[in-house]
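Structure first, then comments.
The values are calculated or read from the model by the stated rules, or taken from the named source; none is laboratory data. Since the model is a prediction, treat every value here as computed from it, not as a measurement. A quick note on method: Cβ atoms are made from the backbone with ideal geometry, for glycine too, and the neighbour counts reach across all protein chains shown. Please note that ligands, DNA and RNA were not included when accessible areas were found on the heavy atoms of the full protein model with its side chains. Shrake-Rupley method; radii C 1.70, N 1.55, O 1.52, S 1.80 Å.
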Amino acid sequence: MCQRFTHAFPVWVIGAGILAVIYPPALTWFKGPFITYGLGVIMLGMGLTLTADDFKRILIYPKWILLGVVLQYTVMPFTGLAMATIFDLPKMLAVGLILVASCPGGTASNVVSFIAGANVALSVSMTAVSTLLAIVMTPLLTDYLVGSRLDVDAWKLFIDTIKVVLVPIVLGVSLNTFFHNTTEKILPVAPPIAVIVIALIVGSIIGKGKSEILAAGPNLFLAIGLLHLVGFLLGYLVSKLLMKNEQVARTISIEVGMQNSGLGVVLARENFAQMATIPGAISALTHCIYGSIASFIWTRAKKRARL
């Protein structure tokens with residue numbers, strides 16, 4: 001049941017977004033510290049799934065992980081800047097878009113990798129490495145790319161990233177290392193909880209920013225849609241060209257195309273205006289849809305190859 005619930009995560013996230021538009025009060029109660037603590041719970045859950053062996057995989061797949069992380073922190077942030085400029089987004093929406101584009105890969109990518117028949121071990125390792133690097137890379141990239149639009153307190157962004165990323169993950173890994181038998185009992189419910197929290201965060205932000213989203217018009221949706229589309233396509237094409245491995249190309253495509261939008265929302269809320277959180281919420285909806293489409297296409301292709 002937990003696996004089925006988790007695999008249907010696009011349904012829950014999209015459903016939350018629709019409900020938030022139809023009846024915002026159903027989800028806007030999930031706000032303020034709930035969002036920050038919710039992301040902390042997701043990061044803790046990710047930490048509980050990690051062991052020293054996951055980090056040893058870096059030694060097994062160094063070129064694959066390096067390529068994926070480089071694409072994550074080049075393709076997405078600079079595409080985010082390009083989309084914000086091309087579609088002439090209002091300042092705070094542009095800041096939010098660039099911020100979420102500068103975030104690491106999300107844990108949802110691990111689920112999509114599993115469904116799509118990609119390399120799950122590589123996916124988990126890439127998510128872990130890009131998330132740890134986010135402590136430095138996300139504040140630096142946001143400061144560099146947003147600097148011309150807004151004064152960014154890079155130090156505060158750095159401290160907030162440590163609080164919502166590093167601390168929960170270190171705690172989770174520690175618990176998994178020293179209390180493994182206990183964490184094994186908790187692990188089955190960790191992914192469904194993460195799905196629920198992501199849906200609540202997305203619904204809350206969309207519900208609260210409903211008027212701003214409608215006022216932004218199609219430009220915001222096009223910018224975010226193209227951001228993730230470019231991430232999926234370039235992640236696949238570049239890695240397929242360089243690594244000559246279909247499974248690795250699919251995995252890197254998913255990792256690059258799917259951001260940790262929840263982190264983007266929390267950092268935007270803590271460091272910028274409410275409007276800056278909106279791109280993160282729409283981003284979560286968008287990459288879930290793309291991830292579902294990619295997994296469907298690649299699963300069908302895998303079945304045909306067997307025939």
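Compute the Cα gyration tensor for region 38-97, then decide on rounded, prolate or oblate, letting a ≥ b ≥ c be the square roots of its eigenvalues: rounded whenever a/c is under 1.5, prolate when a/b is larger than b/c in the other cases, and oblate in all that remain. If you can, show how the numbers build up before the last one.
Working: a/c = 7.08, a/b = 1.67, b/c = 4.24.
In terms of gyration-tensor shape, oblate.
Over the chain, give the accessible area per residue in Å² for a 1.4 Å probe, as an integer. Show your work: numbers first, answer last.
On the way: 13520 Å² over 307 residues.
Solvent-accessible surface per residue comes out at 44 Å².
Translational D (Stokes-Einstein, µm²/s) of region 148-307 at 4 °C and 1.567 mPa s when Rh comes from the Kirkwood sum over C-alpha pairs?
Numbers: Rh = 18.2 Å.
The diffusion coefficient I find is 71 µm²/s.
Treating each Cα of region 58-135 as an identical point scatterer and ignoring solvent, apply the Debye formula and state log10 I(q)/I(0) at q = 0.11, 0.12, 0.25 Å⁻¹.
-0.34, -0.39, -1.09
Just check the chain against the gyration tensor rule for me: Cα atoms, a ≥ b ≥ c as the square roots of the eigenvalues, rounded for a/c under 1.5, and otherwise prolate or oblate depending on whether a/b exceeds b/c.
In terms of gyration-tensor shape, rounded.
In debye, nearest 20, what is the charge dipole magnitude of the chain about its Cα centre with +1 on Lys and Arg Cβ and -1 on Asp and Glu Cβ, if you could check?
Details: 21 positive and 12 negative charges, 186 e Å.
Charge dipole, the chain, about its Cα centre: 900 debye, nearest 20.
Can you find, among I42, L122, T277, the residue farthest towards the positive end of the dipole of the chain? Put +1 on the C-beta of Lys and Arg, -1 on that of Asp and Glu.
L122
If packing is taken as the mean number of other Cβ atoms within 10 Å per residue, what is the order of 78-84, 19-25, highest first?
On the way: 78-84: 22.6, 19-25: 14.7.
My ranking of the peptides, most packed first, is 78-84, 19-25.
Once you have a ≥ b ≥ c as the square roots of the Cα gyration tensor eigenvalues for region 79-202, tell me rounded if a/c is under 1.5, and otherwise prolate or oblate according to whether a/b is larger than b/c. Let's see the in-between values first.
Details: a/c = 2.36, a/b = 1.73, b/c = 1.36.
In terms of gyration-tensor shape, prolate.
How many lysine pairs in the chain, separated by 8 or more positions in sequence or lying on different chains, have Cα atoms less than 21 Å apart?
Close lysine pairs under the 21 Å cut-off: 13.
Which ³J(HN,Hα) values, rounded to whole Hz and listed in residue order, are derived for region 65-71 from phi using the Karplus coefficients 6.51, -1.76 and 1.60 in 6.51 cos²θ - 1.76 cosθ + 1.60 with θ = phi - 60°, glycine and proline given as x?
5, 4, 4, x, 5, 4, 5
Can you work out D for region 244-299 in µm² s⁻¹ from Stokes-Einstein, where Rh is the Kirkwood radius over C-alpha pairs, the temperature is 20 °C and the viscosity is 1.002 mPa s?
Working: Rh = 12.4 Å.
Once the numbers are plugged in, D ends up at 172 µm²/s.
Which of these, V256, V167, V266, has the largest mean-square fluctuation under a Gaussian network model of the chain (Cα springs below 10 Å)?
V167
Counting every Cα pair in region 176-241, what percent are over 18 Å apart? Mind showing how you got there, number by number?
On the way: 1431 of 2145 pairs.
Looking at region 176-241, the distances longer than 18 Å represent 67 percent of pairs.
Where the accessible area of the chain is counted over protein heavy atoms with a 1.4 Å probe, how much of it, in %, is carbon and sulfur? Show your work: numbers first, answer last.
Values: 9640 of 13520 Å².
Within the chain, the accessible surface is 71 percent carbon and sulfur.
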